[in-house]
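Asker: Please see the structure below; I have some questions.
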Amino acid sequence: MSGGAPRPWGRLAVRERLQALLPDTPEPDDDLPDRRGAAILLSLVVASVLWFSFSMRKPYVDTLEVPVEVVSTPAGIALSAPPPTSATVTLQGEGWTLLGLSRRRPVIRVSPDGPTVDLAAMLGEAGLPADVVVQAVQPRTVELAFDTRTSRRLPIRLRSRIVPEPDYDLLAAPRLQPDSISVTGAQSLLGSLTDWPTDMMVVEDVRDSFQRRVALSDTFGGLLVPSVRSTIVAVDVATFTEESRDLDIRTVNVPSGIEGVRYEPRRVTVEYRIPLSSDDYERARVTDDFYAEVDYADILSDTTAGQVPVRARWPEGLDIRDVRLGDTRVEYFIQQRRPAAPVFPEEAP
């Protein structure tokens, strides 16, 4: 009985035996550099916060722009010119305190009993922290302009741009409620006013009636006080249509001795716009008070070849717009009045 030959070792078998004899090596940690960077950054942030916290406990000097408000004036007196709106204040105090004042600035509230106001003294009443020292105020004092306080009733003037869609138009001027206000302030300022304007109201592509509240404008910086701050604007809108008709020509201011004037053409065509859903629509089509007119004074001053201007006339209150005559000048022919035949007395028998 013969035995088999020993199995030779291949390369793969050698590698497996060597790996079994060697100890395991741990895989490298790829996140280790990122963790170290985060730790360093956190340390820097903490150090910066601690340094800033200790530094802000030291005394510093800072300069602030502090608002100035005039909260009241003597009885019967009003400001006639704008007061200063701010003052430059130099303060000394702990860093944390000055930082808080820069975020919530104190206000110098002025209640003058005369035209000269000491802002430095008023700042002392603004409630500054006890550890803050005022080093300088610029300007230190100001002069206020006063005048007699009075009141006037003024109409409100609407400032607007209302653009209807094609085939639509406003039936009348916008209505305001209220349409006038009482304004109080210095007599020298009120004396030059004729009305009080609103803010600009812009409405485009209008096809329906509407109401809108509009604020009143304030061009005097609070020196004048209106009794209300806004008004309600009501706008009526309707559909308009194009119409036309022929008009008779009438002559006015005809002197004596003239029997009449004949025109060529005898009638003129007029085109106009009118609200479609109104009584004026049918009235404009049939009324005899819608006619063309020639003034005889134009005939007397005529230097052309016998032509005069003609104008359209219609009843007051009839809402007719964009009137256009097909003929703006017509030829005329004057008809003189014939003298009466002489009358002879009968002969005596």
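The values are calculated or read from the model by the stated rules, or taken from the named source; none is laboratory data. Owing to the predicted nature of the structure, the values given are computational and were not obtained by experimental measurement. A quick note on method: Cβ atoms are made from the backbone with ideal geometry, for glycine too, and the neighbour counts reach across all protein chains shown. Ligands, DNA and RNA are stripped out before the accessible areas are found, and what is left, the full protein with its side chains, is counted by its heavy atoms. Shrake-Rupley method; radii C 1.70, N 1.55, O 1.52, S 1.80 Å.
Asker: Go through 79-88, 314-323, 297-306 and give me the packing order, highest mean Cβ count within 10 Å leading.
Answerer: 79-88, 314-323, 297-306
Asker: Just grab the label-to-label distance for Arg152 and Thr304, each label 7 Å out from Cα along the Cβ direction, in nm (one decimal).
Answerer: Placing both labels 7 Å along Cα→Cβ, they lie 4.8 nm apart.
Asker: OK, next. Report the rotationally averaged projected area of region 144-209 based on its alpha-carbon convex hull, in square nanometres.
Answerer: Projected area, direction-averaged: 5.8 nm².
Asker: Treat each spin label as a single point 7 Å out from the Cα along the C-beta direction, and report the Arg161 to Phe210 distance in nm.
Answerer: In this crude label model, Arg161 to Phe210 measures out at 1.5 nm.
Asker: For Ser230, what accessible area in Å² do you get when you roll a 1.4 Å probe over the heavy atoms of the protein chains, rounding to the nearest 10?
Answerer: Accessible area, nearest 10 Å²: 30 Å².
Asker: For a bin width of 10 Å, list the pair-distance distribution of region 68-131 built from all Cα-Cα distances, rounded to whole %.
Answerer: The distribution over region 68-131 is 17, 48, 24, 10, 1, given as percents.
Asker: Evaluate Rg over Rh across region 111-179, taking Cα atoms for both radii and Kirkwood's formula for Rh.
Answerer: Using only Cα positions, Rg/Rh for region 111-179 is 1.39.
Asker: Oh, and also: Can you pull the one-decimal nm distance between simple spin-label points at Ile334 and Val71, each 7 Å off the Cα toward Cβ?
Answerer: Reported label-point gap for Ile334 and Val71 is 8.4 nm.
Asker: Same structure again: Give me the net charge of Gln177's neighbourhood, meaning all other residues with Cβ under 13 Å from the Cβ of Gln177; Lys, Arg count +1, Asp, Glu -1.
Answerer: Numbers: positive: Arg175, Arg212, Arg213; negative: Asp179.
Result for the local shell: +2.
Asker: How large is the dipole of region 205-349 about the Cα centre if only Lys and Arg carry +1 and Asp and Glu carry -1, each at its Cβ, rounded to the nearest 20 debye? Before the final figure, lay out each step's value.
Answerer: Details: 19 positive and 27 negative charges, 98 e Å.
Roughly 480 debye for region 205-349.
Asker: Here is a further query. Sum up the charges of everything whose Cβ sits under 9 Å from the Cβ of Tyr291, counting Lys and Arg as +1 and Asp and Glu as -1, but leave Tyr291 out.
Answerer: Details: positive: Arg250, Arg313; negative: Asp248, Asp288, Asp289, Glu293.
It works out to a net charge of -2.
Asker: What is the percent carbon and sulfur in the accessible area of region 130-262, measuring with a 1.4 Å probe over the protein chains and ignoring ligands?
Answerer: 45
Asker: Ok, one more. How large are Rg and Dmax for region 114-262 when only the alpha carbon atoms are used, in Å?
Answerer: 28.5, 105
Asker: Within 14 Å, Cβ to Cβ, of Pro115, how many net charges do the neighbouring residues add up to if Lys/Arg are +1 and Asp/Glu are -1?
Answerer: -4
Asker: Starting from the Cα coordinates of region 226-288, work out the convex hull volume and express it per residue in Å³.
Answerer: 191
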